[in-house]
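Below is one structure, written out as structure tokens, with a few remarks after it.
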Amino acid sequence: MEQVVKHMTHWLLKKHLIVPEQSEWCHYMLMQSTMSILSLCLLLPVSAAIVGVWGSVFYTATFRILRQRTGGYHARTPHGCLLVSFVLQVLFSLLAAATKDLYVLTTVILLSEVAIFLLGPANHPELHLSAKELKAVKPRMYVRQAIAFLAYVVALLTHQGMVASCIAMATFAVAVLLAVAHVDDGEIHRFKKEHVNQKEVIQTMNEKESMMHKATRKALDVMIRRTYDGWPPNSCWGVYQPHRPEKLLPKPQEKK
């Protein structure tokens, strides 16, 4: 997967849709988006077969909104991410389908919320949050915890037992991954920049730019800058965290 995204980034450079200074952040943005789309396409149908469509939607949504702020265990490769995500989705969906007792579900979600409160957020080496960023993430994590618990209560009050069970188990899954992250040392896998021939990718001043090319270039610039400027940075909600570049992105300049 990393190689595919590298080739995509290099192709965008060759087509002058990004500049060399944007290549690392473009790679990071593409990696995040690709893994997110693949995870959704794989996981939603799997859990829907076990807990139904709405159960699958609420499980995945709860897991996603919490993981983006809590962080936690991440696999070392994209393929490992998909495998671990698949196993977790099946396991916790089966638990959600099998657990009917409301007292058990309430105990599970309360204990999970406490564990997340105490252990989160996790600072993965590839995300390398600063002390200031970690401080900013914490209150946002608490807000998302409150939203998840409120959704659980509403599901109980509206007699949506399966939805409530899925929300509880998604919260439990996030807490488990946080606990695993605290006992796993982790390993830094940095994105190795490939040498880029500047003459090959820099567009000459005399070359005219089509309207379609300009619109695509601007759209990519907005997407890359949104990833760069997002503060505090989100942890990838899937079980793989690509390396977040340390390189500063230059201020946007209009192409002459």
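Structure notes:
- Semi-axes of the equivalent ellipsoid for region 1-59, computed as √(5λ) from the eigenvalues of its C-alpha gyration tensor and ordered from largest down, come to 34, 10, 7 Å.
- Relative contact order for region 6-85, counting Cα pairs under 8 Å that sit 6 or more residues apart, in percent: 19
- Considering only the Cα atoms of region 22-133, their convex hull presents on average a projected area of 8.2 nm².
- Geometric extent, Cα atoms of region 37-79 - Rg, Dmax (angstrom): 11.4, 31
- Database remark: amide H of residue 75 closer than 5 angstrom to the amide H of 240, 241 (H placed geometrically; neighbours at sequence offset of 5 or more, or on other chains; Pro and chain starts carry no H).
- Fewest-first ranking of 212, 169, 29, 223, using other Cβ atoms within 10 Å as the exposure measure: 212, 223, 29, 169
- Convex hull volume of the C-alpha atoms in region 65-108, normalised per residue: 90 Å³.
- Residue exposure proxy: 25, 11, ordered by other Cβ atoms within 10 angstrom of their Cβ from fewest to most, comes out as 11, 25.
- Residues 104, 174, 183, arranged from fewest to most other Cβ atoms within 10 angstrom of their Cβ, appear as 183, 104, 174.
Readers should treat all values here as calculations from the given coordinates under stated rules, not as data from a laboratory. All values derive from a computational prediction rather than experimental measurement. Methodologically, a virtual Cβ is constructed for each residue, glycine included, from the backbone with ideal geometry; neighbour enumeration extends over all protein chains shown.
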